[in-house]
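The values are calculated or read from the model by the stated rules, or taken from the named source; none is laboratory data. Predicted model, so just to flag it, every value in this text is computed and none were measured. Quick reminder, even Gly has a Cβ in these numbers, built from the backbone with ideal geometry, and neighbours come from all protein chains shown. To get the accessible areas, we keep the full protein, side chains included, count just its heavy atoms, and leave off ligands, DNA and RNA. Shrake-Rupley method; radii C 1.70, N 1.55, O 1.52, S 1.80 Å.
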Amino acid sequence: MKFKLSKYIATTEPLNPESRNKERILFSTRTGISILVSESFYSTLQQGEFDKIDLSRLTKLIDYELVVPEETDEFQEIIAINRLGVKDTRGIAMTIQPTANCQLGCFYCGQSHTKKVMSEEIQEKLMERLHYLLEEKEDPDGLSVTWYGGEPLMGYSAILNLSKRIMALAKERQLPYSSNMITNGLSLKKDIFKELYLHHNVHRFQITVDTIKEHHDKRRITKGGNETFDIIMNNILEITSEDYYSEKVKRPIFIRMNIDVSNYKHVTDFIDYLCELGLTDKVDLGFSPLNNWGDKTAGDDVGLDMMTFAEWEIEWFMYASKKGFSIDYILPQRNFATCMVVDEHSEVYDADGNITPCYEFPYTPKYNEEKYIIGNLLKESETYNHHTEVRGWYDDLSDYKIPKCSKCNLFPVCNGECPKKWYNGEGTCPTMKANMEDRLVLQYLMDKSNLKTL
């Protein structure tokens, strides 16, 4: 059989350019595996001289999918594997948005908030829908819920009611159950956290804090104009003051920073602040570029360009790690499902009973059109549209309607990142497109045991 070097490889320049024994890192985006090779061996691979490679090493290259059969159409093969991966997913994943209400009036939020809370009738219909999905899914092996909003805690009673019923159903069917919550943290008092964490299996809470107080309180303010930074940070301190976490979830709080031109130079200041509070080993951190949401546009005067963000992101990784934070997502994993939109058994339910394939659609006026909505829980399932625009993502990729993706060596770990953006004409690549080599070097310096041998 003839072979070729996979096109799905990211590589560094030689790590030791002055040395006689030059080496570089190769990263297979087909498998997420990194290996360290000599420059001479890399040259052999590039020239396709596989007959010069001994069988044991060639076998490893094939296993790591750095080398593939010559006739392989890798792009179509990756899509086919992804389709099978989604089809074989046996778990049911739901995103429940129990309310359209939110206390905050963030300038970059694309949602239109109201005081609507999911009614008991819609909750009942949601449970009926879950029963249907469990019956339709062949041998389901788990059930998970993401609580989102609006601000989900503004619909706290609906969360408690639905959570009890869903957990009881999972127990009845002997299915593992897990859940997480995306919250602004304003109402996440310690007693509420403990109730959700200890009794409702909500073991991960994503809270947005946009760096230091000075900048957060200019952006994430209440609709009445009140500051929120101190309240949110006090909640996090109260929550993390007790050691009642399970062995499985050591750090249930994930702090997300939305970063743009106004606050990017203060990310390290915020990291220092978290250290001063003693939160180094109690929270996880995430750095997110400010993006367009609905009709809200992060223009050139607000959003950082990808190259600038990518450069700073490496600095933030290094700084946070040096300060003692756990940064375990430097290298991407092989991604078989772009996001929930490609899985027909992953649905979003909002307070009006609407069913959508993406959690950014509800309460966002831009996505009120029928092409974005699967249906409504109060209507017969025969009326549902199972071919909403984003559900056809893998079909459109396969037909080369997103040509940029078909040519990208990072496609297996990215899958286009966000279908919604591409359909809106806003498609952008993730920052790893610009800083992958730096990521590889940083991971190597932090944990050399991560490399496979050859």
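Assorted remarks:
- Test: residue in segment 259-271 that is within 17 Å of Cys109 (Cβ to Cβ) and either in a helix (DSSP H, G or I) or open to solvent by 60 Å² or more (accessible area, probe 1.4 Å) (or both): no
- Hey, Asp54 modelled with pLDDT of 95 or more, surrounded by fewer than 14 Cβ atoms within 10 Å (Cβ to Cβ) and either out of contact with any Phe, Trp or Tyr (no Cβ under 9 Å at 6 or more places or on another chain) or over 23 Å from Leu440 (Cα atoms) (or both) or not: no
- Residue that is farthest from Asn335 (Cα to Cα), among those in segment 12-32 that are outside any loop (DSSP other than H, G, I, E, B) and in contact (Cβ under 8 Å) with a residue 24 or more places away in the chain: Ile25
- Residue within segment 83-91 that is of a type in the set (D, E, K, R), under 30 Å from Lys2 (Cβ atoms) and open to solvent by 30 Å² or more (accessible area, probe 1.4 Å) present: yes
- Residue that is least open to solvent (accessible area, probe 1.4 Å), among those in segment 176-197 that are touching a residue at least 40 places away in the same chain (Cβ under 8 Å) and over 18 Å from Val209 (Cβ atoms): Tyr197
- Residues of segment 97-126 that turn out to be more than 25 Å from Leu186 (Cβ to Cβ) and under 26 Å from the mean Cα position of the chain (by Cα), as a count: 1
- Residue list for segment 423-442, restricted to those being assigned to a helix (DSSP H, G or I) and either under 20 Å from Val341 (Cβ atoms) or open to solvent by less than 30 Å² (accessible area, probe 1.4 Å) (or both): Tyr423, Met432, Asn435, Met436, Arg439, Leu440, Leu442
- Residue within segment 227-246 that is exposed (fewer than 13 other Cβ atoms within 10 Å of the Cβ), assigned to a loop (DSSP other than H, G, I, E, B), modelled with pLDDT under 95 and touching a strand residue (DSSP E or B) at 6+ places or on another chain (Cβ under 8 Å) present: yes
- Among the residues making up segment 348-368, a single one is more than 20 Å from the chain's Cα centre (by Cα), in contact (Cβ under 8 Å) with a residue 24 or more places away in the chain, within 15 Å of Met127 (Cα to Cα) and not in a loop (DSSP other than H, G, I, E, B): Ile355.
- Enumeration of residues in segment 165-182 that are of a type in the set (Lys, Arg) and part of a helix (DSSP H, G or I): Arg165, Lys171
- For segment 340-347, the count of residues that are touching a strand residue (DSSP E or B) at 6+ places or on another chain (Cβ under 8 Å), assigned to a loop (DSSP other than H, G, I, E, B) and either without any contact (Cβ under 8 Å) to a residue 60 or more places away in the chain or of a type outside the set (S, T, N, Q) (or both) is at least one.
- Residue selection: Asp395 satisfies the criterion of being surrounded by fewer than 18 Cβ atoms within 10 Å (Cβ to Cβ) and either of a type outside the set (Ser, Thr, Tyr) or within 30 Å of Leu36 (Cβ to Cβ) (or both).
- Residue in segment 420-443 that is within 24 Å of Thr89 (Cα to Cα) and within 21 Å of the chain's Cα centre (by Cα) present: yes
- Complete set of residues in segment 398-422 that are open to solvent by less than 60 Å² (accessible area, probe 1.4 Å) and of a type in the set (Ser, Thr, Tyr): Ser398, Ser406
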